[in-house]
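What follows is a set of notes on a single structure, which appears directly below.
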Amino acid sequence: MEKAVTEAPTTSIRISNRARLTPPSPIRKLAHLANRAKAAGTRVYHLNIGQPDIESPPEFLEGLRAFDQKVVAYEQSQGNEALRAAWSAYANRTLNLQTSPEQFLITVGASEALVFLFMTCCDPGDEIIIFDPTYANYLGFASIAGVTLVPVLSDMEHDFALPDRDRIERSITPRTRAILLCNPNNPTGTVYDRQDLEFLFGLCEEHNLFFVVDETYREFVYDDLQPLSMLHLAPQSDRVIVVDSLSKRFSLCGARVGSLITANQSVLAAVLKILQARLAAPTIEQFAAAYMLERIGDNYLENMRREFLSRRDTLYRAVKRIPGVAIHKPRGAFYTLVQLPVRDTDHFAAFLLDTFSHHGATTFIAPAAGFYMQNDRGTDKARIAYVIRSTEIEEAVTVLAAGLERYQQQYP
Ligand SMILES: Cc1ncc(COP(=O)(O)O)c(C=O)c1O
């Protein structure tokens, strides 16, 4: 059961500023209220967290069973050889890339790759440019690594398009080391196209910065869009570092398998030292991931993509019907932001879980303030993850609409 993060001092022994100032996850911070609602018999629709309900590939589960070593030994720090080869071959085949296994370092999810990259690209106090709203855990990673994130605002009125050159350049200082882009984007569902990537890459070249692209959701693109990796545009560039993950693509969040991909030998060597210090990523999951990637067909991902497209359409249609609510139409990933007619979505989200139910059910949304470094920009917004079945999304949105009505009566 997820534990609430408490700020209350429980000991007189000092803990570090770094730990104290690391923000709690906005996605999980109301989980204790959801648990309480469930314990009281309320059905909770989880629109708060990007945990897909789709079954993991049978090839992965088969791979777990096929592990036949007598000792679960440490894997190599850089990752299981078969997995690096299989991941590279899989990316080359499905995305028409020309990566080599040596460009891949296997990490404990994309999360670990990002923390180690921050540590590798930056000294404490160095800066990374991000776009606000942002994946909330970047704030935690930066805090752990002692890095300062510098947000440049993208706004809902313009579909969260990239800010213009001027605004980005004004945020670049002598301490800036990298631009970090999440594409497709969590939390907005925006997909940045070739032109956007070329524009940011050009800026990185002009200002001698790393360009880190988090491609955790790369294949989740809808309408007429095709998956586009930064590795298509600048496969051999020293400044491009792609972060990747099996978590969402194959509904394997708990396997904790991610990677960092770059042609930059210095970055690979530097990250490897950090990987060596943490010894290795889990052996059996890496074995099973390699087993899966060597065997899986293209239909698994295509079915996932189609399912999320249908859920996106269901969510969009349903939310559009609620008076006073604005929804951004996402074209990728499985999230979007909605703007609600309330002053404080933190309070409203807690209200939904704590004191409200509709026919025995309630809806868990993620207040958006935690996705904005400029928190006040998010206080009237919430992030919705469309990771449950379409019929449940319909019900969850009905509950949300009823909750809004009640909330407005109670807190006019
Ligand atoms: C944008 C983004 N990057 C990275 C991660 C972390 O993924 P992993 O499970 O591979 O650590 C997530 C997880 O939700 C994410 O949304």
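Every number here is computed from the coordinates shown, using simple stated rules; none is lab data. In this text, all values refer to a predicted model and were calculated from it rather than measured experimentally. Cβ atoms come from the backbone with ideal geometry, glycine included; neighbour counts cover every protein chain shown.
Tabulated data
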{"quantity": "Relative contact order (%) - criterion: Cα under 8 Å, at least six apart; region: the chain", "calculated": "25"}
{"quantity": "Entries in Lys320/Lys381; Lys70/Lys273; Lys248/Lys329 that, when Cα-Cα distance is taken, lie over 25 Å", "calculated": "Lys70/Lys273"}
{"quantity": "Length-normalised contact order for region 177-312 - Cα pairs under 8 Å, 6+ apart - percent", "calculated": "20"}
{"quantity": "Kirkwood hydrodynamic radius of region 196-273, Cα pairs, Å", "calculated": "13.7"}
{"quantity": "Most fluctuating residue given options Glu392, Glu206, Glu127, as computed from a GNM of the chain linking Cα atoms under 10 Å", "calculated": "Glu206"}
{"quantity": "Modelled label reach - Lys329, point 7 Å along Cα→Cβ, region 157-179 residues with backbone N closer than 16 Å", "calculated": "157-161"}
{"quantity": "Cα centroid separation - region 240-301 against region 177-220, whole Å", "calculated": "20"}
{"quantity": "Potential lengthening between Ala19 and Gln236 on full extension [0.36 nm per residue; Cα-Cα distance subtracted]", "calculated": "74.4 nm"}
{"quantity": "Share of pairwise Cα separations in region 261-348, more than 22 Å, in percent", "calculated": "61"}
{"quantity": "Calculated FRET efficiency for the pair Asp224/Arg165, C-beta based, R₀ 35 Å, to 0.05", "calculated": "0.80"}
{"quantity": "Tensor-based shape of region 137-201 (alpha-carbon gyration tensor, a/c under 1.5 rounded, otherwise prolate or oblate)", "calculated": "oblate"}
{"quantity": "Computed label-point distance, nm, for sites Lys320 and Arg343 using a 7 Å Cα→Cβ extension", "calculated": "3.2"}
{"quantity": "Region 58-295: C-alpha gyration tensor shape, a/c 1.5 cut-off, then a/b vs b/c", "calculated": "prolate"}
{"quantity": "Of all DSSP beta bridges in the chain, antiparallel share, percent nearest 5", "calculated": "50"}
{"quantity": "GNM flexibility winner over the chain from Asp68, Asp132, Asp123 (Cα, springs under 10 Å)", "calculated": "Asp68"}
{"quantity": "Neighbourhood net charge (9 Å Cβ-Cβ; Lys/Arg +1, Asp/Glu -1) for Tyr45", "calculated": "-1"}
{"quantity": "For region 93-219: Kirkwood Rh in Å [reciprocal of mean 1/r, alpha carbons]", "calculated": "15.3"}
{"quantity": "Sites Asn96 and Gln409, calculated FRET efficiency, Cβ-Cβ separation with R0 60 Å, nearest 0.05", "calculated": "0.60"}
{"quantity": "Relative contact order for region 58-295, counting Cα pairs under 8 Å that sit 6 or more residues apart, in percent", "calculated": "32"}
{"quantity": "Anchor Lys38: aspartates and glutamates whose Cα lies under 15 Å away (excluding residues fewer than 8 positions away in-chain)", "calculated": "Glu2, Asp354"}
{"quantity": "Prolate/oblate/rounded call for region 75-162, Cα gyration tensor, a/c under 1.5 rounded", "calculated": "oblate"}
{"quantity": "Relative counts (whole %) of C-alpha pair distances in the chain, using bins that are 10 Å wide", "calculated": "5, 22, 31, 27, 13, 2, 0"}
